[in-house]
Amino acid sequence: MTEVKPKKTVLKDVKIFKNLEDEIIKTNKCCACGACVAYCSSQSFDVIKMEGYTPKFIADANVDNCKECGLCYYICPQTEPLMRQINEEYRIKDELGYIQDVVAAKTTDEKIKEMGQDGGLVTTLLTYLFDKNKIDAAIVSEYDENLRPIPKIIYNKEELLKSSGTRYSISSNILPLKDLYSIAEEIVEKQHQIYDINQIRMAFVGTPCQCRAVRKMQLLDISPTHVIKYVFGLFCMENFDYEKLFQLVKKETNEDPTNIAKMNIKKNFFITNKENKVYEVELKKFDDAVRNHCHECDEFTSRFADISFGGSGAVQQNSMVVIRTEKGQDLIRNVIIAGYINKFTPKKSTIDEWKASKIDLFRRMTNNKIKKSK
Amino acid sequence: MKNLGVNSKSVVIIGAGIAGIQAALDLGDMGIQVHLVEKQPCIGGRMAQLDKTFPTLDCSICILAPKLSECYRHSNITLHTLSEVQKIGGAVGDFTVDVLKHARYVKEDVCTNCGDCAEICPIRGITNFFDANLVTQSAAQTAFPAAVPAAYRIDPSKCLYLNYEICGLCYQNCGADAIDFTQKDSVLSLDNVGAIIVATGLDLAEDIHTLNIYGYQKYDNVVTAMELERLICASGPQAGHLSRLSDGKHPHKIAFLQCIDSRTQRGQLYCSSICCMYTTKEAIIAYEHNNELESYVFYIDMRAGGKGFQKFLRRGAEEYNIKYIKSKISHIQVDENENPIITYEDYETSEIKQLTVDLVVLATCIIPSRGIYKLADVLGIELNHYDYVKTNPFLPVETSVEGIYTCGCAREPMDIPRSVAEASGAAARAAEVIKGG
């Protein structure tokens, strides 16, 4: 047992992890991004951990270790504090957020084309960033052998291909940042020397709620998200609970997760098994597996990202790209110039009409999501 | 030295770099009360950042540190860090000076400088000016371990408690109970100030220009001279093992580019005066770290006027493998390994040539301290057309206002020995006013 010293504090009425448990986690609003645990562990406070998809006190004895700083409550993407400030910071006024430009594009790399979803853009952009030495590592998610998405840190473009494609259940993408030192060691081993752990540069790929958590943390400049230089958001209609999803998949297709090669949602749920047999199942049938927090979410297009990506509204193997920040604009421009991706040019309408129609589509889809939530 | 008597009038010195410190020590030793006002949280200025000084290659901080602590504990010198002169009134012999003191949020006399606050502070990524912004720190910060005063400070622009009333971890973790969030910015009014010395020093061209054509900030392996100074310094971010920022490899070929932003219509029209010397100094230090190093100095004219300076350059060429190339730089690109490729015109042959190196160091121009405009307004002193403090050529430490003196790089670009000499000159002129000379 560690000795418990009386705490001295300057704080008054700050909400702490206990409140987070009561208000968010126990009411099923937690999106399992892992921000609270990543922060707390990176500070070596030894208080909370991720158990499956739920943040929890490590043990009853660790409850007293809580420093009661309140940061976990503040940075949680599902709580109210800081929302006004990040909305201001990222110029968000409505359900679509600030849109600097909309383009459609696809990768020029044959290998990525094969493996990726739609236009394979996220993979291509990360490849570019690794090629040009703009990042040391990237956080993505990857399937394990049971098709359970797990967060993964990759250190070079060769590791990237495994993580191409969309995953439909959640992985706690912020969580791996909790141990920056081991990330630094891997970078030194696989890439190059770094002289300061705070100089690590990473790209982050995540769902709207995860991007929101990253931006909340970045607003406060706190560890460990200060190493994230690029935030790539994904369009997200809803996310499935892993266990429930594969129970339903089993029921509808009689396939085990180990025998499934690819899943894709367009109008319906398409499931391809390893013998290349394609099942088409109505999306509605999976409604019971949707994670509860998605019912409260009002984001579809990842408003807080530098660039958001999605398949909705894209044709001919392209991906839709919503550029939101100056940094995102620069990156897309450079990637096009470097020939990593090809930009789609609409033929039937002018570029402005095309953009307006796409933005309109995003707005309708977002409103559908909000309506469905209610 | 014995105090020569007690005086009721004091002197305010603005800027606590080597010039301000020297003037303060001179006056203090004469028994004159000095208020040393510094904008930064610690004193020492630019000299504290340097690795070595030319032409003797002495360790810079080793010379300076005793002066810093002497300043701190001198009975006649009062230090005001994180402070700015806000208003003055009166005239020579009887100025009133209002000093705005920003809150440190750490009790200076209680703090033990242990760093527990910095360790627990969750904030990361605030760049440290002292290390030429090459390393980052938390919101509880100190510029360098030997900083004077030896106390941490909390950056109010980032602190989570001061902005959002959360966190408070440093307060919890401080064993000495030195954190004090109740501190407020305050104005200190000083009466009966006999004279004022302006020693605000310098900033550098990279503070105002992006230096795009040299690829600075675009390419990791293009650094400024001040950055190299920190990188090569044993107490700097790389602990004295010079390596490239792009891949951590040790450079074997370094190019030093002279007259960056100086002597040009696009930047400053004047010569920065010390770059030829400090470049050779840096090349020599780099060679001492790695005896296989080749250095290339791209210069327009060698301007090394001073006792022993030419000899110093010759020593560089003969003993330290430095090649001096009289040339004009066109632009810099990088190859696939991020090695900078310099395109230049060789003045000897009038040919356009290219040279690939591992690291490029830009000898950036000295510019007047960015705070001088506001300060000149407050003090009512005139600036010359380069924005340095205007002085009479035959009275080089006197400004346009009687009783306000200047020294060091606030007046024009100069090296450390000259700054020290001028500081003593300014101190003597100020003492004249106090002693009724």
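The values are calculated or read from the model by the stated rules, or taken from the named source; none is laboratory data. Note that the structure is predicted; figures quoted are calculated from it, not measured. Cβ sites come from the backbone with ideal geometry, for glycine too, and all protein chains shown count toward neighbours. Ligands, DNA and RNA are stripped out before the accessible areas are found, and what is left, the full protein with its side chains, is counted by its heavy atoms. Shrake-Rupley method; radii C 1.70, N 1.55, O 1.52, S 1.80 Å.
Quick one: which strands (runs of 3 or more DSSP E) sit completely within region A:291-363 and have at least 1 residues that are at negative phi, modelled with pLDDT of 95 or more and not hydrophobic (A, V, I, L, M, F, W, C)?
Those strands (runs of 3 or more DSSP E) span A:307-310.
Collect the residues in region A:276-290 that are assigned to a helix (DSSP H, G or I) and either open to solvent by 10 Å² or more (accessible area, probe 1.4 Å) or among the basic types (Lys, Arg) (or both), keeping them in residue-number order.
A:Leu283, A:Lys284, A:Lys285, A:Asp287, A:Asp288
Looking only at region A:35-55, count how many residues are small (Gly, Ala, Ser) and either within 11 Å of another protein chain (Cβ to nearest Cβ) or out of contact with any helix residue (DSSP H, G or I) (no Cβ under 7 Å at 6 or more places or on another chain) (or both).
Qualifying residue count, region A:35-55: 3.
From B:Asp155, B:Asp203, B:Asp177, B:Asp207, which residue is within 11 Å of chain A (Cβ to nearest Cβ), closer than 25 Å to B:Ser83 by Cα, of a type outside the set (Ser, Thr, Tyr) and within 23 Å of the chain's Cα centre (by Cα)?
After ruling out the rest, the residue left standing is B:Asp155.
For region A:112-220, please list each of the helices (runs of 4 or more DSSP H) lying entirely inside it that holds at least 2 residues being more than 14 Å from every other protein chain (Cβ to nearest Cβ) and open to solvent by less than 20 Å² (accessible area, probe 1.4 Å).
Passing ranges, in order: A:121-131, A:208-220.
What residue, among those in region B:11-56 that are under 23 Å from B:Lys101 (Cα atoms) and of a type in the set (Lys, Arg), is surrounded by the fewest Cβ atoms within 10 Å (Cβ to Cβ)?
This residue is B:Lys39.
So which of B:Ser60, B:Ser75, B:Ser69 ends up being hydroxyl-bearing (Ser, Thr, Tyr) and open to solvent by less than 20 Å² (accessible area, probe 1.4 Å)?
That would be B:Ser60, the only listed residue that is hydroxyl-bearing (Ser, Thr, Tyr) and open to solvent by less than 20 Å² (accessible area, probe 1.4 Å).
Among the residues of region A:65-73, is there at least one that is open to solvent by less than 50 Å² (accessible area, probe 1.4 Å), under 19 Å from the mean Cα position of the chain (by Cα) and within 13 Å of chain B (Cβ to nearest Cβ)?
yes
Looking at (1) touching a strand residue (DSSP E or B) at 6+ places or on another chain (Cβ under 9 Å); (2) under 25 Å from A:Leu125 (Cα atoms); (3) within 14 Å of chain B (Cβ to nearest Cβ); (4) buried (at least 19 other Cβ atoms within 10 Å of the Cβ), can you tell me which one A:Pro224 breaks?
(1)
For B:Ala195, indicate whether it is surrounded by 23 or more Cβ atoms within 10 Å (Cβ to Cβ) and within 14 Å of another protein chain (Cβ to nearest Cβ).
Answer is no for this residue.
Can you name the residue in region B:160-174 that is buried (at least 19 other Cβ atoms within 10 Å of the Cβ) and part of a helix (DSSP H, G or I) and, of all such residues, is farthest from the other protein chains (Cβ to nearest Cβ)?
The qualifying residue farthest from the other protein chains (Cβ to nearest Cβ) is B:Cys170.
Where in region B:333-419 are there strands (runs of 3 or more DSSP E), lying wholly inside it, with at least 2 residues that are open to solvent by 70 Å² or more (accessible area, probe 1.4 Å)?
B:351-356
Is it true that B:Gln40 is at pLDDT 95 or above and within 19 Å of the chain's Cα centre (by Cα)?
Criteria met by B:Gln40.
Among the listed residues B:Arg230, B:Arg315, B:Arg244, which satisfies the condition of being within 14 Å of chain A (Cβ to nearest Cβ), outside any loop (DSSP other than H, G, I, E, B) and either more than 24 Å from the chain's Cα centre (by Cα) or not aliphatic (A, V, I, L, M) (or both)?
B:Arg230
If you scan region B:198-210, which residues turn out to be assigned to a loop (DSSP other than H, G, I, E, B), surrounded by 21 or more Cβ atoms within 10 Å (Cβ to Cβ) and at pLDDT below 95?
Listed by number, the list is empty, since nothing qualifies.
Pull up region B:83-122, narrow it to residues that are under 26 Å from the mean Cα position of the chain (by Cα) and under 30 Å from A:Arg201 (Cα atoms), then point me to the one that is nearest to the other protein chains (Cβ to nearest Cβ).
If we take residues in region B:83-122 being under 26 Å from the mean Cα position of the chain (by Cα) and under 30 Å from A:Arg201 (Cα atoms), then B:Ala118 is nearest to the other protein chains (Cβ to nearest Cβ).
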